[in-house]
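**Student:** Please read through the structure below; I'll follow up with questions.
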Amino acid sequence: MDKFIINGGKKLSGIVEISGAKNAILPIMAAALLAKGKSVLHNVPHLIDIKMMAHVMRVIGARIDFEGDTMEIDATHASYCEAPYELVSKMRASIYVMGPLLARFGSARVSFPGGCAIGTRPVDLHLKAMEALGANIEIEHGYILANAPKMHGSEIHFEKVSVGATANTLMAAVLTKGETNIFNAAIEPEIGSLIDFLNLMGAKIDGKDTTHLKIIGVNKLKPAEMTMIPDRIEAGTFVIAGAITNSPITVSNCQPAHIGILLDKMKVAGFDFEIGENSLKVIPSETINPVNIQTQPYPLFPTDLQAQFLALMTLANGTSIIEETIFPDRFMHVSELNRLDANIVLNKNIATVNGVKSLSGAEVMATDLRASATLVLAGLAAQGQTTISRIYHIDRGYERIEEKLNNLGADIKRVKG
Ligand code: EPZ
């Protein structure tokens, strides 16, 4: 397995361009199953998760061509309504095919997605919504068997905000006769971009960026072409890379408004930013003030930036409290950061981060996507050499991260394992 070797302590400078958003693209790929014909997605990065989703869709019978940053999906001959265990267990977002398969074919057999390093990942909200739309759901040998000879509009009240369940329900409802109202829907930008894509296909969805979505079912959808939004989590990760190395880097091709809460919290920490239309420049700070955060659904602090922000707080001149409310086990990065001489004490879903003067390089192991990116950030700041093993986790959600960081003046080598 590949490793990263990072020689830390370097100042960064220059501009980094953000890639298309993985978590926006995955549901939109699945949405292309709703129509016969060729949909075209632009600004698609070459990430493991996106290639895995393409594999799942090829199994279903879609034809996918992925050249440069353009992906063509022709779902004309899609027909095999199954997402098998060996694929779903590797990439939980495969469950996004359930809504489109039910809507177009009235049937779906999807393996239960397993848990992962950040905790158990239930899908009960997805299943309740499918049942509300008229699907019959059975669980057999680790598979979800969903059948819906006749679906009907419904009122769906999510008891918890769920990005995935909101996306799956939207994709099931757009071809479902009648009116469907979703209450307590997720309002993440990735949901907004899915709504844009579905409406481009001819769907009738109102309420974008609000927690109440109204869908009027249509008989047929057509393929669509759209440019994917930039990845707000990659953008936030690079903003923190600038901050943790005290470097005035510019993050371009991003939407600063999508990471407004992060920028607010970093201003409290002492940083500032020059905000452009689709870029921002980090104004570093000699000292880092401690800042408390609590993760919550959008537009509050995103769980996908919790680990990265925690790494920054390891160098603050005081104690910060980091509370994770979305995935309470999402602290695999803590023990690894403490190997770099951070001083973090974990108690259930709350990390108490006692700032230290500096981190020092060590051998650490990546465990999940965002924890891995966090170890890269800490390695950039640490004095000496940091070696990170199992970096395939990083390649799931960051395109050429070492190339982008080296272009900013970092010293990272990818070593074949
Ligand atoms: C999406 O996961 C993202 N993944 C996650 O990003 C992100 O952390 C998460 O949303 C929260 O923003 C993709 O978009 C592919 P949820 P998802 O359903 O949809 C509970 C990354 O690093 N829940 O919004 O799986 C769940 O356990 C990944 O890019 C149920 O209880 O998240 C969690 O506590 C990691 N029942 C909360 O809801 C359900 O049926 C929010 O989960 C579904 C979810």
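The values are calculated or read from the model by the stated rules, or taken from the named source; none is laboratory data. What you see is a predicted model, and the numbers here were worked out from it, not measured in a lab. Cβ: placed from backbone, ideal geometry, glycine included. Neighbour counts: every protein chain shown. These accessible areas exclude ligands, DNA and RNA; they are computed on the full protein's heavy atoms, side chains included. Shrake-Rupley method; radii C 1.70, N 1.55, O 1.52, S 1.80 Å.
**Student:** Which of the residues belonging to segment 47-86 are in a loop (DSSP other than H, G, I, E, B) and within 16 Å of the ligand (Cβ to nearest atom)?
**Tutor:** LEU47
**Student:** Still on this model: Would you confirm, using the coordinates I've provided, whether ALA31 is outside any strand (DSSP E or B) and in contact (Cβ under 8 Å) with a residue 60 or more places away in the chain?
**Tutor:** The answer is yes for ALA31.
**Student:** Quick one: would you say ASN184 is within 22 Å of GLY37 (Cβ to Cβ), of a type outside the set (D, E, K, R), open to solvent by 10 Å² or more (accessible area, probe 1.4 Å) and in contact with a strand residue (DSSP E or B) (Cβ under 8 Å, 6 or more places away or on another chain)?
**Tutor:** no
**Student:** Right, here's the next one. Taking the options GLY68, GLY37, GLY9, GLY14, name whichever one is open to solvent by 10 Å² or more (accessible area, probe 1.4 Å), without any contact (Cβ under 8 Å) to a residue 40 or more places away in the chain and at positive phi.
**Tutor:** GLY68 is the lone residue from the list that is open to solvent by 10 Å² or more (accessible area, probe 1.4 Å), without any contact (Cβ under 8 Å) to a residue 40 or more places away in the chain and at positive phi.
**Student:** Listed residues ASN278, ASN246, ASN338; which is over 22 Å from SER372 (Cα atoms), modelled with pLDDT of 95 or more and not aromatic (Phe, Trp, Tyr)?
**Tutor:** Selected residue: ASN278, the only one of ASN278, ASN246, ASN338 that is over 22 Å from SER372 (Cα atoms), modelled with pLDDT of 95 or more and not aromatic (Phe, Trp, Tyr).
**Student:** Quick one: THR166 ticks every box in (1) within 12 Å of the ligand (Cβ to nearest atom); (2) within 20 Å of ILE216 (Cα to Cα); (3) part of a loop (DSSP other than H, G, I, E, B) except a single one, so which number is it?
**Tutor:** With (1) within 12 Å of the ligand (Cβ to nearest atom); (2) within 20 Å of ILE216 (Cα to Cα); (3) part of a loop (DSSP other than H, G, I, E, B) applied to THR166, the lone miss is (3).
**Student:** Condition first: modelled with pLDDT of 95 or more, over 24 Å from the mean Cα position of the chain (by Cα) and of a type in the set (S, T, N, Q). Can you find one or more residues in segment 158-166 that meet it?
**Tutor:** no
**Student:** Is there any pair with a first residue in segment 87-102 that is closer than 15 Å to ASN168 by Cα and within 13 Å of the ligand (Cβ to nearest atom) and a second that is of a type in the set (Lys, Arg) and in a helix (DSSP H, G or I) whose Cβ atoms are under 9 Å apart and which are 6 or more apart or on different chains, and what are they?
**Tutor:** ALA93/LYS22
**Student:** Pairs only if they're at least six apart or on different chains, beta carbon under 6 angstrom, first in segment 119-138 and assigned by TED's automatic domain parsing to the domain that holds ALA93, second more than 7 Å from the ligand (Cβ to nearest atom) and acidic (Asp, Glu); list them, first residue then second.
**Tutor:** That search, which allows pairs on different chains as well, returns GLY119/ASP329; ILE137/GLU131.
**Student:** Specify the residue that is nearest to the ligand (Cβ to nearest atom); the eligible residues are those in segment 177-201 that are more than 21 Å from SER162 (Cα to Cα) and in contact (Cβ under 8 Å) with a residue 40 or more places away in the chain.
**Tutor:** MET201
**Student:** Condition first: under 30 Å from VAL218 (Cα atoms), open to solvent by less than 10 Å² (accessible area, probe 1.4 Å), touching a helix residue (DSSP H, G or I) at 6+ places or on another chain (Cβ under 7 Å) and free of Cβ contacts under 8 Å to residues at least 40 places away in the same chain. Can you find one or more residues in segment 71-83 that meet it?
**Tutor:** yes
**Student:** Residue by residue through segment 294-329, note down the ones that are part of a loop (DSSP other than H, G, I, E, B), surrounded by fewer than 24 Cβ atoms within 10 Å (Cβ to Cβ) and either more than 14 Å from the ligand (Cβ to nearest atom) or basic (Lys, Arg) (or both).
**Tutor:** Result: LEU315, ALA316, ASN317, GLY318.
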